[in-house]
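One structure is given below, encoded as structure tokens.
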Amino acid sequence: MPGRRKRGNRKRSAPGRAPRASPRRLLDQARELLAAGDGRKALDLIRQVRDRDDSLAGLPLVSFCASMQRARQLAAKGMLKEAATMRARADGYRASMSLPALSEDEWVQYVRYLDGGDALAAYADHLDRGTSLPRVERVLADRLVVQRFWAALDVFDETHPLRRDAAAVRSGLHAMDAGDWVQAANRLQGVPRRSPFAAWRLFCRAMVCFGAGDDDGLRRILDRLPDDFALARTVAEWRRFVGRDAAGNGRPGAPKESEGGNRRVAALAGELKRALHNGSVRAAGTAIERLADALYPEDPARARIDLVEIAGLATLRDLLPGSAIQHLSRLLLPADRVIGVAARILLARQQIVPAAWNPVPTVALVDALPVEFPRAQDRALARACLLEALARTGRKAVDPELLPPEMAEDLRTLLGRPVEDPGLVLVELMFASLEADPDNRDGYLFLLDLLRGRTGGKPRLQRVLQDMAGRFPDDSTPWLELATLHYSRNAYRQAEGALEEARRRAPHDDRLLDLQAVGFLKSADQSRRKGRFALAVRDLERAQDLGRRVIESVLPAKWLLLEVVSGDADTSATVARQLEGLPPGAQLRMLALLLRDLYDNNDVRNTTPEMADAVWRLLADGVSRTGECTPDEIVQVLEPLPTELDLLYGDRHVAATFTRWWPALLERVDGERLPVVLDILMDCDRQDEVRAAIERRLRGVRKARRDPLLLFYLAVTRYEEGSDHDARRFRDVLKKADAATRERLRAAAARLARHTEEPLRNALQTFDFEPLDVGPGPFGPGPPPGLEAFLAALEEQFKAAGVPRAPAALMRPVPPDPGDPALVERFRLALTEAPPHAAQQGMLFDRRIYDELDRLDELIDDTRLRGEPRPLLRELAGNLRADEETRQELDRVARGCLTAGLRDRLTPELHALLFPRKGKEKKRRR
């Protein structure tokens, strides 16, 4: 009997080999990969096709498109040599193509992968030999709007629709970029229906309907938008939102009665709200799951992410336990989305409380962007938005010079390079943002604001403006800013050249003439300072000939100043002669402006102290006759100068000149004009004067007859200076106010918010003062009581995801080190170095002690010493007093407080620095 074959020796049949794909099938697969954005794999398949059948129809076109796509991808990664090689290969494929044989669909694919100008030139050549292709023209129109290579339109005849309608579309681009869709729709109203740009006119109208909640109008427009529109993803989302498919039909699963669906969503939202306020984590998780399914049945995961972030904000408000976000995230979200959600919760807190500024959440969210934004282009835009938001929040919250050293590594990670100058952190963040999104016009304007006034920043500011002018060739704003910069540097010829460039782009812009008039006044000042009076007269005449309203209040004062310094006559007689015939209010304002100019020019050889003394006596005499002024004239005397005059004056607040006479001027103002004057004084940072004036007016008036608006101003000033610590006064005012009075108070709150700090600022902006009763929380400086567990949970999540440093310390502010040499040096300089024009201000206002206390109080806020314990402040005071000069300055300020009776009105931090070993004075018992 033959032996059995062993099991291991059995022959195994070879596995069945998959049928080999045909070259045509491989080419179709390459097209699919090309459409999905994978040019590298598409090229691998194209190589296989060429090895087997290099004469296949359509192969040169697909090869060209894949090579161009891969070249752009390589260039985006910085691999410029490889990208150039790939482009050269694409040019070879392009040369082998037979353009006349291309169908319209193939032409559409061809122009999508050509560079902008080349696409227009290729299509213009086709028009010379054949007929127009509407779909191709629509694709070119979309690329023009998105990429804006308008100069290449010269290849077409002026009557061609692409060139003919381009002007109307370009006029609406700025409105589109700014999100003003109503204006954009109006600008594109003249675009014909058959124009290649017609889809953009429809899109603007669709945005207007979407913003107004007009679903019926939105449906009608969506039916007319082409499927291959440049913003097809947005259109698809709209169609899903209003229940339409791509063909314009109603979605099969769409509910017939939206009212029932809305009621169900509202009921589920109410369940979630109750669960959050009751602190029930399990009920919140169930409500989030059900509400997400009701909101977005096609993709509930997206809604869950947003709803978990809402729950995260509830956790920050101490409504849920700290571990709730960790539990909800693991229960409801994919594992790769947890870190992104946690980071966004912390970023949301930074938006609410800028004092919690820290780059750690942004670092974590940037690392998570590949999960949330698979496309590289979308990822770059998201990163740009995150960096800009971090810079904008940081400007409200931090002094870049005082950033903790541990933030340097996180900022280096964000920027891809070390930060050499800490003072330029926000500037570097904006540069990185604009590198990722160079079409962000508002980002350029914010960067300009960051660079203005920075020492040594003018060359960099000029480069930014030149880059902006090149990026937005039709925008006059960068040229106006360049002209302003040149004027500030006394480069008048360059300023005129920049104004001419701006005039070419916006010939009817009034800002041009205003800036030119101010430039002539600045040139006149420069000539006068150098003793070139004839040139000064010429520039003043040129400014006068322009007849601009912006300079009409200061031009007479400039003429009078020139007459005073250029002549030998008595100053009092010269000024008095020019004041004859003017109303009392106009005389006071001209004297105030003249006095400011004389003090600002006290270092000039042709300006003497006797001139300023003479004008000062005339001003004092004029104020003594304010009984002749009407309330409106008092307001006109005190109102600040226009912002356009910043080139001429470092401080636009004329009211500061009248500090000594404010009580006398305020006596002449009543009724509706009084809040205007109080706002002017608040702009001058004189809350103490506002409080004193209000208390004088309320003294002796029965409570029932007191003006609620004055009581509201009093409540704001008392809370801001630390006399009140709750919302009691605000409640008393609002309790007695009727509907009309509430509206007056709401308007006043909006005006006063910019003069206050948190939490009062947020209370005024929202007109909700109850949070003032609970101290700095729930969103004030420092963490709320139940936040520690939440931060500990987030720390574990960040560690599990491999984030280099967890954000637990993010919301636990590290107390300042009282022994830090940089901190001690800042206070020493604030005490020993006088600010600019301190001598002139001392002569004018006689308020040096108030200014010094304000300066020290601002420094306490900047260095985050507000609210720190008294032992830490005493230690800092001891370190300051170790230097003899600083100790003498502290003692001098302390004596000034005692002399002025301000000791018991100091903030706790100031009191600890100035009187470290003594408590507040106790009132003597009678």
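Let's see how each residue does on (1) under 30 Å from Leu127 (Cα atoms); (2) open to solvent by 50 Å² or more (accessible area, probe 1.4 Å); (3) at pLDDT below 80; (4) basic (Lys, Arg):
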| residue | (1), (2), (3), (4) |
| --- | --- |
| Gly179 | no, no, no, no |
| Leu188 | yes, no, no, no |
| Cys209 | no, no, no, no |
| Gly217 | no, no, no, no |
| Arg224 | yes, yes, no, yes |
| Ala236 | no, yes, no, no |
| Arg239 | no, no, yes, yes |
| Val242 | no, no, yes, no |
| Ala247 | no, yes, yes, no |
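Does Thr315 meet the test of being out of contact with any strand residue (DSSP E or B) (no Cβ under 6 Å at 6 or more places or on another chain), among the hydroxyl-bearing types (Ser, Thr, Tyr), closer than 30 Å to Arg282 by Cα and at pLDDT below 75? Before you say what the answer is, go through the steps one by one.
Details: out of contact with any strand residue (DSSP E or B) (no Cβ under 6 Å at 6 or more places or on another chain): yes; among the hydroxyl-bearing types (Ser, Thr, Tyr): yes; closer than 30 Å to Arg282 by Cα: yes; at pLDDT below 75: yes.
Answer is yes for this residue.
Looking at the range 627-650, is at least one residue at pLDDT below 80 and under 33 Å from the mean Cα position of the chain (by Cα)? Yes, the range 627-650 contains at least one residue that is at pLDDT below 80 and under 33 Å from the mean Cα position of the chain (by Cα).
Count, please, the residues in the range 191-230 that happen to be aromatic (Phe, Trp, Tyr) and closer than 21 Å to Asp105 by Cα. Steps first, please.
Step one: list which residues in the range 191-230 are aromatic (Phe, Trp, Tyr), which gives 197, 200, 203, 210, 229.
Pick out the ones that are also closer than 21 Å to Asp105 by Cα and you get 197, 229.
Looking only at that region, the number is 2.
Taking residues in the range 360-381 that are touching a residue at least 24 places away in the same chain (Cβ under 8 Å), and partners anywhere that are open to solvent by 30 Å² or more (accessible area, probe 1.4 Å) and of a type in the set (S, T, N, Q), the pairs with Cβ atoms closer than 6 Å and at least 6 places apart or on different chains are Val363/Thr413.
Just to check your reading of the model, which residue among Arg70, Arg94 is in contact with a Lys or Arg (Cβ under 8 Å, 6 or more places away or on another chain), within 24 Å of Pro23 (Cα to Cα) and assigned to a helix (DSSP H, G or I)? Explain how you work it out, then say what you get.
On the way: Arg94 fails: in contact with a Lys or Arg (Cβ under 8 Å, 6 or more places away or on another chain).
Result: Arg70 is the single residue among Arg70, Arg94 that is in contact with a Lys or Arg (Cβ under 8 Å, 6 or more places away or on another chain), within 24 Å of Pro23 (Cα to Cα) and assigned to a helix (DSSP H, G or I).
Within this structure, Ala185 fails the test of being closer than 27 Å to Tyr110 by Cβ, in a helix (DSSP H, G or I) and within 34 Å of the chain's Cα centre (by Cα). Within the range 335-355, one or more residues are over 24 Å from Leu426 (Cβ atoms), among the hydrophobic types (A, V, I, L, M, F, W, C) and open to solvent by less than 10 Å² (accessible area, probe 1.4 Å). Cβ-Cβ distances below 9 Å connect the following pairs, each with a first residue in the range 754-778 that is on the phi > 0 side of the Ramachandran plot, a second residue that is modelled with pLDDT of 75 or more and part of a loop (DSSP other than H, G, I, E, B), and a separation of six or more residues or different chains: Gly775/His725; Gly775/Asp726; Gly775/Pro759. Is it fair to say Gly117 is within 42 Å of the chain's Cα centre (by Cα), surrounded by fewer than 14 Cβ atoms within 10 Å (Cβ to Cβ) and small (Gly, Ala, Ser)? So Gly117 fails the test. Residues satisfying the criterion are absent from the range 165-173 (criterion: buried (at least 16 other Cβ atoms within 10 Å of the Cβ), in a loop (DSSP other than H, G, I, E, B) and either touching a helix residue (DSSP H, G or I) at 6+ places or on another chain (Cβ under 6 Å) or hydroxyl-bearing (Ser, Thr, Tyr) (or both)).
Looking at Leu173, Leu218, Leu222 in this structure, which one is under 29 Å from the mean Cα position of the chain (by Cα) and of a type in the set (A, V, I, L, M)? Walk me through how you get there before you give the answer.
Values: Leu218 fails: under 29 Å from the mean Cα position of the chain (by Cα); Leu222 fails: under 29 Å from the mean Cα position of the chain (by Cα).
Being under 29 Å from the mean Cα position of the chain (by Cα) and of a type in the set (A, V, I, L, M) holds for just one of Leu173, Leu218, Leu222, which is Leu173.
Here Glu885 fulfils each of the conditions (1) exposed (fewer than 11 other Cβ atoms within 10 Å of the Cβ); (2) modelled with pLDDT under 70 apart from (2).
The values are calculated or read from the model by the stated rules, or taken from the named source; none is laboratory data. Keep in mind that what you see is a predicted model, and the values were worked out from it rather than measured. So basically every Cβ, Gly included, is an ideal-geometry build from the backbone, and we count neighbours across all protein chains shown. Note: accessible area is taken over every heavy atom of the protein model, side chains too, but ligands, DNA and RNA are not part of it. Shrake-Rupley method; radii C 1.70, N 1.55, O 1.52, S 1.80 Å.
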